[in-house]
Amino acid sequence: MDSRRRFLFKLAASASAPIALGSRAFGQAPPPVKLEESDPVATALGYKMDTTKVDKAKYPNHKDDQVCTGCALFTPKAGEEFAPCSAFGGKLVANKGWCAAYAKKP
């Protein structure tokens, strides 16, 4: 009788696990988050949400017409102000932003 109870308890616990884990249990990735300028990777790459605010002394090759929408690493959808960037692991970056990983779209 004790082993039957233990079996039923384990069965109930394992059946509720997908509910407790939420969407991750079904293979869905969590929604992407907006990249903050204070993020360690963003800081290392000099990311700014506004390309005109980039430190020109630190990044002399930067030009104000270089924006994320013109970068090959940026994957925007029409009408979105923020979209995923592969340089930041898919985090959302600003359309008008810039970082040192900028690579002009071909």
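Sorting 86, 3 on the 10 Å Cβ count, fewest up front, what's the list?
3, 86
If packing is taken as the average number of other Cβ atoms within 10 Å across a peptide's residues, how do 71-83, 88-100 rank, most packed first?
Output ranking for 71-83, 88-100: 88-100, 71-83.
Note down the Stokes-Einstein diffusion coefficient of region 32-106 in µm²/s, whole number, using a Kirkwood radius over alpha carbon pairs, 20 °C, and 1.002 mPa s.
Approximately 178 µm²/s, per Stokes-Einstein.
With each pseudo-label sitting 7 Å past Cα toward Cβ, what's the residue 103-residue 61 distance in nm, one decimal?
1.2
All of the numbers you see were taken from the coordinates with simple rules; none came from a lab. Being a predicted model, the structure only gives us computed values, none of them experimental. As a convention, Cβ positions derive from the backbone with ideal geometry for all residues, glycine included, and neighbour counts pool all protein chains shown.
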